[in-house]
Structure formats: structure tokens, C-alpha cells
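Here is the structure we will look at.
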Amino acid sequence: MTSETPCIETGKVVAIYYTLKNDRGEVVDSNKGSGGKPFSFLHGAGNILPALEQHLLGKAKNDFVEVELAPAEAYGERDPDAVRGVPRSAFPTDREPEVGALVEGRSPDGQPLAGRITAVGAEEVQVDLNHPMAGERLFFEVTVCGVRDATAEETEHGHPHGPDGHHHH
Ligand code: ZN
């Protein structure tokens, strides 16, 4: 043994290629393929879904992992109570609300809300505040392309830096 291969654990910066598919086998997100750059995250810092982090523990460069996450491990179950009727008067008058459009607003207690319009009536617009992937099983295909120690600065910031990082200062 001349050198030890670093394995994925808390505090490592991990670079991956990944494809995310939903229950219907549709590709929802991917950075594989031509020109795709590796995605880097700081393991244990909540940069990615915690359940996905768990499945990647102990993996090393060049490992390929298939991970299936139940809705509860991903973006949660769909909450039927999160579909709300909003008076049309609450929407800007210069543009008609459209089904499928994303809307942002605030709840009565001031929390920011984001949702998608699911129906437009004469008096009310129905807005679904569930995460777009709520209720979905997620299927990840992950290829590990790099594992290294995080720098002190990265650990402090809670995300990777450098050419492969997704934050630049
Ligand atoms: Zn930073």
C-alpha cells in the first residue's frame, strides 16, 4: 500500500456526476454528458439531501452508486392542505394568472411562499405550495469523480470553493 484512497465521509469535498430520474423514468436533472462539469458538495454540510449523503458514505473515486429515495427521504409527501385558494385580486392585474406558472408571495404571518398555479377560476386561483418533487420517489445514478479533504475555509463556510465549487467569492 503506497497511498490510501480517500473515502466519502463528513468533512470531505466530493465531486460527482449524477443523473436524477423520477418514478416514471424521466430524467429530471443531470450533469452527465457532453460538457457537463462535476457537481461538488461538502459532505455533512447539508448541501445535498441528507439521505443521499448517507448512501454515499464510504464510497471512493470511480465508484458508481444507484440510490433510490422514498418521498419521506427526499422532498416529503404531498400535502393536500398545501393547495390553497387565493383571491384573484391578490394577483397583479397586468398579467392573467396561468396554470403551471410559478408564483411567489407571503403567507399571512409573513413567511415567503413559492408555489405553482394549478387552476384559475373566476374568483379564485388555486396554488399548490408543495415542493414540485413532493410525493416522488427519486432515483439517483451517481459516479464519484473526486474525494478530497475540505479546507478550513470551506469547512467554516459549509460549502466547497475552487474551480469545481458552486460558490465563488
Ligand atoms: Zn464560501
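Details
- Amide hydrogen proximity for Val125: with H placed 1.01 Å from N in the peptide plane, the residues at 5 or more positions away or on another chain lying under 5 Å are Val86, Arg88.
- Residues whose placed amide H lies under 5 Å from that of Gly135, excluding near-sequence neighbours: Tyr75, Gly76, Glu77, Arg78
- Where labels lie 7 Å past Cα in the beta-carbon direction, separation of Thr151 and Thr93 in nm: 5.4 nm
- Given their separation in residues at 0.36 nm each and the Cα-Cα distance between them, Val27 and Ser107 gain 25.5 nm when the chain is fully extended.
- FRET efficiency for Arg84 and Ala122, using Cβ-Cβ distance with R0 set to 22 Å, rounded to 0.05: 0.85
- Tail fraction, Cα-Cα pairs, region 92-169, threshold 19 Å, whole percent: 63 percent
- DSSP loop trypsin sites (Lys or Arg not before Pro) with at most 16 other Cβ within 10 Å excluded, longest remaining stretch of the chain: 96-136
- Cα gyration tensor shape of region 1-116, rounded if a/c is under 1.5, else prolate or oblate by comparing a/b with b/c: prolate
- Efficiency of FRET between Ala114 and Leu57 - r from beta-carbon atoms, R0 30 angstrom, step 0.05: 0.45
- Sequence-distant residues sharing a close amide H with Ile48 (under 5 Å, placed H): none
- Potential lengthening between Glu141 and Glu9 on full extension [0.36 nm per residue; Cα-Cα distance subtracted]: 45.6 nm
- Counting only Cβ charges, +1 for Lys and Arg and -1 for Asp and Glu, the dipole size of region 80-128 around its Cα centre is about 60 debye.
- Taking all Cα pairs closer than 8 Å and separated by 6 or more residues, the relative contact order of the chain comes to 34 percent.
Rule-based calculations on the coordinates, nothing more; no lab input. These figures come from a predicted structure and were not determined experimentally. Glycine gets a Cβ as well: all are built from the backbone with ideal geometry, and neighbour counts include every protein chain shown.
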